[in-house]
Amino acid sequence: MREKENFEKKREKLNELVMEKGNLQIKRFFNLDTKVYEGGALSKKNKELLGLVASLVLRCDGCIEYHLRRCSEEGVTDEEMMEALSIGLVVGGSITIPHLREAVKKWIELEEK
């Protein structure tokens, strides 16, 4: 639980710094990023899986961890997770393998808690 709290506190603090210094465009982008993951025609769960796949393809470890946590909160199953990660691997290619390894490790850790 401590790791989750540390991750969330760090993310929150950094977001606060960005909002303090951010101009209108930055603030609008952050708002859009929040709003796009709300439920709609696609569920929050599906949107988080999409965010995870994009993050894997872009090789953003912080984003991968964030979306893994959100996927866990949204009730993603192991089977759904592995299918989503397989799409990211096919789209991103072998360069994503180190990130895929870390994602699977983090997913297992999240599920054990």
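The values are calculated or read from the model by the stated rules, or taken from the named source; none is laboratory data. Just so we're clear, the structure is a prediction, and the values are computed from it rather than from any experiment. Note that we place each Cβ from the backbone using ideal geometry, even for glycine, and neighbour counts take in every protein chain shown.
What to note about this one:
- Any hit, the stretch 60-70, residues being in contact with a Gly (Cβ under 8 Å, 6 or more places away or on another chain), under 19 Å from Phe7 (Cβ atoms), basic (Lys, Arg) and part of a helix (DSSP H, G or I): yes
- For the criterion of being of a type outside the set (Ser, Thr, Tyr) and touching a residue at least 12 places away in the same chain (Cβ under 8 Å), Val36 fails.
- Count of residues meeting criterion [among the hydroxyl-bearing types (Ser, Thr, Tyr) and either closer than 20 Å to Glu111 by Cα or in contact with a helix residue (DSSP H, G or I) (Cβ under 9 Å, 6 or more places away or on another chain) (or both)] in the stretch 43-60: 1
- Among the residues of the stretch 73-100, the ones that are more than 20 Å from Gly62 (Cβ to Cβ) and either touching a residue at least 60 places away in the same chain (Cβ under 8 Å) or outside any helix (DSSP H, G or I) (or both) come to 3 in all.
- Unmet criterion (only one of (1) at pLDDT 95 or above; (2) part of a helix (DSSP H, G or I); (3) loosely packed, with under 14 Cβ neighbours inside 10 Å) for Glu38: (2)
- Residue in the stretch 3-25 that is closer than 21 Å to Glu111 by Cβ, touching a His at 6+ places or on another chain (Cβ under 9 Å) and among the acidic types (Asp, Glu) present: no
- Which listed residue, of Glu79, Glu83, Glu73, is at pLDDT 95 or above, surrounded by fewer than 16 Cβ atoms within 10 Å (Cβ to Cβ) and over 16 Å from the mean Cα position of the chain (by Cα): Glu79
Let's see how each residue does on (1) touching a helix residue (DSSP H, G or I) at 6+ places or on another chain (Cβ under 9 Å); (2) among the charged types (D, E, K, R):
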| residue | (1), (2) |
| --- | --- |
| Gly22 | yes, no |
| Leu32 | no, no |
| Val36 | yes, no |
| Ala41 | no, no |
| Gly62 | yes, no |
| Ser72 | yes, no |
| Ile97 | yes, no |
| Leu100 | yes, no |
| Glu111 | yes, yes |
